[in-house]
Amino acid sequence: MSDGSLLTDANLLTDNPALYEARFPDADRLAGRWTEDCLRRYDAGPRLLDMGCGTGRDAAHLHAAGRVVTGADLSEAMLAHARAHHPGPTYVRADLHGFDLGTFDAVVCLDSSLLYCHTNDQLDGFLASCRAALAPGGLLVAEMRNGAYFLGRTDLLDSPKADSFTWQGTVHRSRTTLTVDRTAQLLRRTRVWTADDGSPPVEQRSAWRLLFPQELRHLLAAHGFEVLELHDGPGPRTEPAWREGESPGTTTDADRLHLVARRHTL
Ligand SMILES: C[S@@+](CC[C@H](N)C(=O)[O-])C[C@H]1O[C@@H](n2cnc3c(N)ncnc32)[C@H](O)[C@@H]1O
């Protein structure tokens, strides 16, 4: 690093689940309620897998709604937090690139967790695992960034974004840069953290697959799914956000993508 900061795969937010929840509050459990609304619309059975469950707050909401929930994540820190703070679901460590956790009536994958499938092989692994995990007629519900948003728009890319917050008495400042890697079809994020506690700056890198709506339709069809809904909102992270009783949209132009797909019965 030319500026003397440390480069790390660690992620200050996902490595500190309590901080993650504080930075991305969802006091009204909007994501959980939106998911439950999708599940009810298509009469999903009770057995549910939340892949990339993170802190467990959505899994616990769906458990409280009467579902039998398994929450799965790769991060031990997230799983430990989920078990301690959002009890009810069973929490297990699993990789969304390929998993075998039993049979479910629905798999949900929220807040861009699906986009941690960077390569086509990883996407195929995820969808093949979902198909194998779902009972015939079972649902896949996902919410994520929309790759198509970046076609012709640079508002999220133009300039680094500065942010700061205080956590446990220490002021943390971040400078975030998003770039499009057209070759890998990834949205890459570089975030440099500085803190006022004397620790050296830390540079963290993440990436999400830039998945396009028609590409997703093709992948789902190839893996034996029927697309029931694919739209850009309203949803739990749209502006304005989804409200109880609102119907799904029909366009896929804005920055979030919402998917409901059904596993074919054969
Ligand atoms: C942005 S968070 C979303 C968490 C949660 N679904 C929510 O909506 O709050 C993404 C989650 O995906 C998990 N994750 C990343 N790569 C993964 C992988 N290959 N397999 C399983 N989980 C993964 C991270 O640990 C993190 O908890």
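The values are calculated or read from the model by the stated rules, or taken from the named source; none is laboratory data. All figures in this text were calculated on a predicted structure; none of them were measured in a lab. Cβ coordinates were reconstructed from backbone atoms using ideal geometry, including for glycine residues, and neighbour counts include every protein chain displayed.
For the condition within 14 Å of the ligand (Cβ to nearest atom), of a type in the set (A, V, I, L, M, F, W, C) and either touching a helix residue (DSSP H, G or I) at 6+ places or on another chain (Cβ under 8 Å) or not assigned by TED's automatic domain parsing to the domain that holds residue 237 (or both), residue 104 does not qualify.
I'd like to check which strands (runs of 3 or more DSSP E) are fully inside the stretch 34-132 and have at least 2 residues that are within 13 Å of the chain's Cα centre (by Cα).
Numbers: elements: 47-51, 68-73, 90-93, 104-109.
Answer list for the stretch 34-132: 47-51, 68-73, 104-109.
If you go through the stretch 116-138 and keep only what is within 16 Å of the ligand (Cβ to nearest atom) and of a type in the set (D, E, K, R), you end up with 121, 124. Note on the stretch 223-246: residues that are assigned to a loop (DSSP other than H, G, I, E, B) and either surrounded by fewer than 16 Cβ atoms within 10 Å (Cβ to Cβ) or hydrophobic (A, V, I, L, M, F, W, C) (or both) total 8.
When you look at residue 171, is it outside the structural domain of residue 126 (by TED's automatic domain parsing), without any contact (Cβ under 8 Å) to a residue 40 or more places away in the chain, β-branched (Val, Ile, Thr) and more than 15 Å from residue 148 (Cα to Cα), yes or no? It is true that residue 171 is outside the structural domain of residue 126 (by TED's automatic domain parsing), without any contact (Cβ under 8 Å) to a residue 40 or more places away in the chain, β-branched (Val, Ile, Thr) and more than 15 Å from residue 148 (Cα to Cα).
Output the residue which, of all residues in the stretch 190-213 that are in a strand (DSSP E or B) and hydrophobic (A, V, I, L, M, F, W, C), is nearest to residue 232 (Cα to Cα).
The first filter runs over the stretch 190-213 and keeps only residues in a strand (DSSP E or B), leaving 190-195, 202-209.
Narrowing the set further to residues that are hydrophobic (A, V, I, L, M, F, W, C) leaves 192-193, 195, 202, 207-208.
Working: 192: 30, 193: 31, 195: 36, 202: 34, 207: 21, 208: 18 Å.
My answer is 208.
Residue check: is residue 57 of a type in the set (D, E, K, R) and within 11 Å of the ligand (Cβ to nearest atom)? Yes; evaluated as a whole, the condition is true for this residue.
The listed residues are 187, 156, and the only one of them that is assigned to a loop (DSSP other than H, G, I, E, B), in contact (Cβ under 8 Å) with a residue 24 or more places away in the chain and surrounded by 12 or more Cβ atoms within 10 Å (Cβ to Cβ) turns out to be 156.
Look at (1) farther than 24 Å from residue 32 by Cα; (2) under 20 Å from the mean Cα position of the chain (by Cα) and you find that residue 197 fails only one, number (2). Just one of the numbered conditions (1) surrounded by 13 or more Cβ atoms within 10 Å (Cβ to Cβ); (2) under 27 Å from residue 23 (Cα atoms) is not true of residue 179: (1). Tally the residues that are within 29 Å of residue 43 (Cβ to Cβ) and surrounded by fewer than 21 Cβ atoms within 10 Å (Cβ to Cβ), restricting the search to the stretch 124-152. Adding up the residues that qualify gives 8.
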